[in-house]
1. Residues in the stretch 136-149: is at least one modelled with pLDDT of 95 or more, in contact with an Asp or Glu (Cβ under 6 Å, 6 or more places away or on another chain) and either within 16 Å of ligand 2 (Cβ to nearest atom) or not basic (Lys, Arg) (or both)?
2. If the requirement is being more than 17 Å from ASN53 (Cα to Cα) and at pLDDT 95 or above, which of these qualifies: THR246, THR224?
3. Being within 16 Å of ligand 2 (Cβ to nearest atom), within 30 Å of GLY138 (Cα to Cα) and not polar (S, T, N, Q) is the filter here, so list the residues in the stretch 172-193 that pass it.
4. Residues of the stretch 148-178 being buried (at least 18 other Cβ atoms within 10 Å of the Cβ) and away from ligand 1 (no atom under 11 Å from the Cβ), which ones?
5. Does VAL235 satisfy being within 18 Å of the chain's Cα centre (by Cα) and within 16 Å of ligand 4 (Cβ to nearest atom)?
6. Select from the stretch 118-136 the residues that are under 13 Å from GLY85 (Cα atoms) and among the aliphatic types (A, V, I, L, M) and list them in ascending order.
7. Criterion first (more than 16 Å from ligand 4 (Cβ to nearest atom), part of a loop (DSSP other than H, G, I, E, B), more than 15 Å from the chain's Cα centre (by Cα) and small (Gly, Ala, Ser)) does SER111 satisfy it?
8. For the stretch 204-219, how many residues meet the condition of being within 16 Å of ligand 4 (Cβ to nearest atom) and buried (at least 21 other Cβ atoms within 10 Å of the Cβ)?
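The values are calculated or read from the model by the stated rules, or taken from the named source; none is laboratory data. Small disclaimer: the values here were computed from a predicted structure and weren't measured. Positions of Cβ are generated from backbone atoms using ideal geometry, with glycine treated the same way; all protein chains shown enter the neighbour counts.
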Amino acid sequence: RAKKKGRNRYENAKVEMNAGGFEKFLIENHLHKAIENNELILYFQPQINLSSNKVLSFEALIRWNHPDFGLISPGDFIPIAEETGLILPIGDWVLKEACLKMREWQNAGYSPVRVAVNLSAGQFLQNDFVHKVKNILGETLIDPACLELEITENMVMHDVNQAIKSLMELKKLGVQISIDDFGTGYSSLNYLKEFPIDTLKIDRSFICDLDTNSSSVALTRAITNLAHDLNLKVVAEGVENLEQLTIVKQQSCDAVQGYYFSKPIDDTNVLQFLKKEHNKFTV
Ligand code: C2E
Ligand code: MG
Ligand code: MG
Ligand code: MG
């Protein structure tokens, strides 16, 4: 009840103010206090491996649980956090929180479970970023192979040399690297041979019309074949129905993520999810 009311007030606030005004309002008010007020929360969306039909991994997706506005989605505050530099403390919090949750689940007996964390450019390009990752993994006793970091094409093109350096160090640590929203960025394919990455995540825009658009079918097939030829894994994002699932499965995609299996869920539901053997799907 309260949540619903909160969401309405949030929507109203959005409508009443123009976009710039709303963003400024958010910055000037609570974003800088969101961490200390414990208003940030991670949701998790399962990724289903298509050869085992099991959930091996969850992507951490941040939300801001604002006392007046309810749950605010990352699209509405991450860009502001990036502009104001608040993305650095927020990014640190996400990384730590994701590893702490993973530790809980592994302690509960789900030991191979992995978590993927989204990075922002400013966060990834920090001089001490690799050091931070190493410290958090040490503090939470997480095997580096269980942590996956998602970067975008645009992020690596921002400062190619620094990106290569950081990626090499992260690989040395043993962390997994994915390219998120693959196919939508402003970059050349050249970087695929320079960068030590493990996975391509095909952007949802290629998946959403797979059942009706033959170009999308051709593009996802091409991306999947390219990835496999380069010894990379492929994940299809935003799979919403059986038709889309059937096509990406035929194309030998390694894993899928999307509403067809589950929306992002909170940590209590993750444990429930793992417990109930909902982690087994027939696909
Ligand atoms: P993303 O990393 O590409 O995450 C996937 C987004 O697609 C998520 O939206 C997810 O809820 C949504 N999604 C998943 N499956 C489906 C589906 O079947 N249909 C549809 N329509 N949507 C689906 P969300 O949670 O709103 O996150 C949006 C973006 O915000 C993320 O895109 C990511 O770029 C960014 N983000 C989220 N959490 C963080 C974070 O902790 N740090 C940073 N820097 N960025 C984050
Ligand atoms: Mg992502
Ligand atoms: Mg994505
Ligand atoms: Mg995206």
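1. From the stretch 136-149, those modelled with pLDDT of 95 or more are 136-149; that's our starting set.
Filter once more, so that each one left must be in contact with an Asp or Glu (Cβ under 6 Å, 6 or more places away or on another chain): none.
No - not one qualifying residue is present in the stretch 136-149.
2. Numbers: THR246 fails: more than 17 Å from ASN53 (Cα to Cα).
Every option except THR224 fails the conditions.
3. Residues of the stretch 172-193 that are within 16 Å of ligand 2 (Cβ to nearest atom), as a first pass: 175-185.
With within 30 Å of GLY138 (Cα to Cα) added as a condition, the list becomes 175-181.
The answer is VAL175, ILE177, ILE179, ASP180, ASP181.
4. In the first step, residues of the stretch 148-178 are kept if they are buried (at least 18 other Cβ atoms within 10 Å of the Cβ); the result is 148-153, 155-156, 163, 166-167, 170, 175-178.
Result: GLU148, GLU153, VAL156, ALA163, SER166, LEU167, LEU170, VAL175, GLN176, ILE177.
5. Working: within 18 Å of the chain's Cα centre (by Cα): yes; within 16 Å of ligand 4 (Cβ to nearest atom): yes.
The answer is yes for VAL235.
6. First, pick out the residues of the stretch 118-136 that are under 13 Å from GLY85 (Cα atoms): 120-126.
Once the filter is applied, which keeps residues that are under 13 Å from GLY85 (Cα atoms) and among the aliphatic types (A, V, I, L, M), the stretch 118-136 yields ALA121, LEU125.
7. Details: more than 16 Å from ligand 4 (Cβ to nearest atom): yes; part of a loop (DSSP other than H, G, I, E, B): yes; more than 15 Å from the chain's Cα centre (by Cα): yes; small (Gly, Ala, Ser): yes.
Judged against the criteria, SER111 is a match.
8. Counting residues in the stretch 204-219 that are within 16 Å of ligand 4 (Cβ to nearest atom) and buried (at least 21 other Cβ atoms within 10 Å of the Cβ) gives 2.
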